[in-house]
1. As I understand it, the dipole of region 16-158 uses +1 on the Cβ of Lys and Arg and -1 on the Cβ of Asp and Glu, about the Cα centre. Which of ALA76, THR126, PRO65 lies farthest toward its positive end?
2. What shape does region 105-225 have by the C-alpha gyration tensor, where a ≥ b ≥ c are the square roots of the eigenvalues, rounded means a/c under 1.5, and otherwise prolate means a/b greater than b/c and oblate the rest?
3. Kirkwood hydrodynamic radius, region 15-81, all distinct C-alpha pairs: what's the number in Å?
4. Can you compute 3J(HN,Hα) from phi for each residue in region 46-59, using the Karplus curve 6.51 cos²θ - 1.76 cosθ + 1.60 with θ = phi - 60°, rounded to whole Hz and x for Gly and Pro?
5. Looking at the square roots a ≥ b ≥ c of the eigenvalues of the Cα gyration tensor of region 1-113, which shape do they give, rounded for a/c under 1.5, prolate if a/b is larger than b/c, or oblate?
6. Read phi for every residue in region 175-189 and hand back ³J(HN,Hα) as whole Hz from Karplus 6.51 cos²θ - 1.76 cosθ + 1.60, θ = phi - 60°, with x for Gly and Pro.
7. Whole-Hz ³J(HN,Hα) for each residue in region 12-27, computed from phi via Karplus 6.51 cos²θ - 1.76 cosθ + 1.60 with θ = phi - 60°, x for glycine and proline: what do you get?
8. Scan around LEU141 for amide H atoms under 5 Å from its own, H built in the peptide plane at 1.01 Å from N, and keep only partners 5 or more places away or cross-chain.
Amino acid sequence: MGVRLLVASRSDVGRVRAGNEDALLVADDPRLVAVADGMGGHQAGEVASATAVATLLERVQHGEPIDTAISAANDAVVTQSQDDESLRGMGTTLTAGMVDGSSLRIGHVGDSRAYLLHGGELRQLTTDHSVVAELIAAGELTEEQALVDPRRSMITRALGIEASVAVDVLTVELEPGDRLLLCSDGLTTMVRDDAIAEILAAERDRERAADALVDAANAAGGADNVTVVVADVVDVDAPFEDTMETPAVAGEVVAASTAAATDDGAPTVTDDGDPDGALEALRDAVDAEVSAPRRRWWQRRKRS
Ligand code: CA
């Protein structure tokens with residue numbers, strides 16, 4: 001007895017930012033999903049988030065549990081930051097879920113979030129490591145006040161900053177019919193939980209649900225990059241669907257997803273520059289690692 005995931009994902013630059021520092025991961029059948037939200041100027045944030053998900057994937061595929069895999073991702077970002085002056089100070093959130101039987105093991109650092117829609121009710125599974133979340137917990141700020149507080153994007157924990165990082169780990173039982181959402185704060189600072197719940201409950205097509213979430217964030221101002229992974233939980237024996245979320249190779253999903261995310265529908269992949277090629281090399285390395293088996297891929301995408 002077990003479950004598996006059917007996944008739709010989007011990452012959008014939003015309406016204000018010049019580049020997209022978010023990264024996402026959908027891999028291994030897929031039983032591993034993750035969202036990372038990088039920070040740091042001059043593309044450092046993009047390197048941080050991409051490094052984090054790449055390291056997570058590599059370690060999980062070598063059999064490591066999710067918390068030690070996230071610690072390894074921390075080490076990788078720290079090392080890169082120390083080795084390259086232009087990357088100094090970069091960091092990233094990382095929220096990852098791994099299916100094991102009928103359980104989902106979640107590892108989490110930062111203010112990206114995991115939610116579970118179960119029986120029509122949306123529950124936030126992760127706790128934000130943020131200034132406003134701490135103030136709310138201390139009774140010094142209400143949820144309403146937090147939505148407009150100028151400190152709302154300040155996080156208290158991230159990968160890449162210190163030699164070790166405390167990783168929150170939790171396990172939730174999944175049932176067929178559940179829907180999992182991983183997202184960056186570009187969604188949750190723009191769209192309230194009740195609106196997110198409404199979209200997830202109303203739009204049963206997960207590809208359209210993912211589009212609707214990104215559209216809602218952009219309609220609210222799109223102040224930040226917005227990344228969503230919408231995963232429907234199905235019985236492990238349910239047939240694989242013949243849709244674009246289970247492509248044969250990495251290149252196909254990039255084209256398909258970018259077409260879905262691009263205003264004019266043109267299937268183009270854009271890149272707003274990677275002067276020293278480090279990001280491209282990293283992406284190639286990860287693509288090479290994950291593109292061989294069917295239904296397994298790693299994806300990072302930017303719009304400019
Ligand atoms: Ca963000």
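Computed from the coordinates by the stated procedures, all read-outs in this text should not be read as laboratory data. Being a predicted model, the structure only gives us computed values, none of them experimental. Note: ideal-geometry Cβ built from the backbone for every residue, glycine included; neighbour counts use all protein chains shown.
1. Toward the positive end, the furthest listed residue is THR126.
2. Details: a/c = 1.72, a/b = 1.26, b/c = 1.36.
Because a/c hits 1.5 or more and a/b fails to exceed b/c, region 105-225 counts as oblate.
3. Hydrodynamic radius (Kirkwood, Cα pairs) of region 15-81 is 12.2 Å.
4. With the stated coefficients, region 46-59 comes to 5, 5, 4, 5, 5, 5, 4, 6, 5, 5, 3, 4, 4, 5 Hz.
5. Details: a/c = 2.65, a/b = 1.49, b/c = 1.78.
Since a/c reaches 1.5 but b/c is at least a/b, the shape of region 1-113 is classed as oblate.
6. 10, x, x, 5, 10, 9, 10, 10, 7, 8, 6, x, 7, 6, 7
7. 10, 5, x, 10, 10, 6, 7, x, 10, 9, 7, 9, 9, 9, 9, 8
8. So LEU141 has HN proximity to ILE136.
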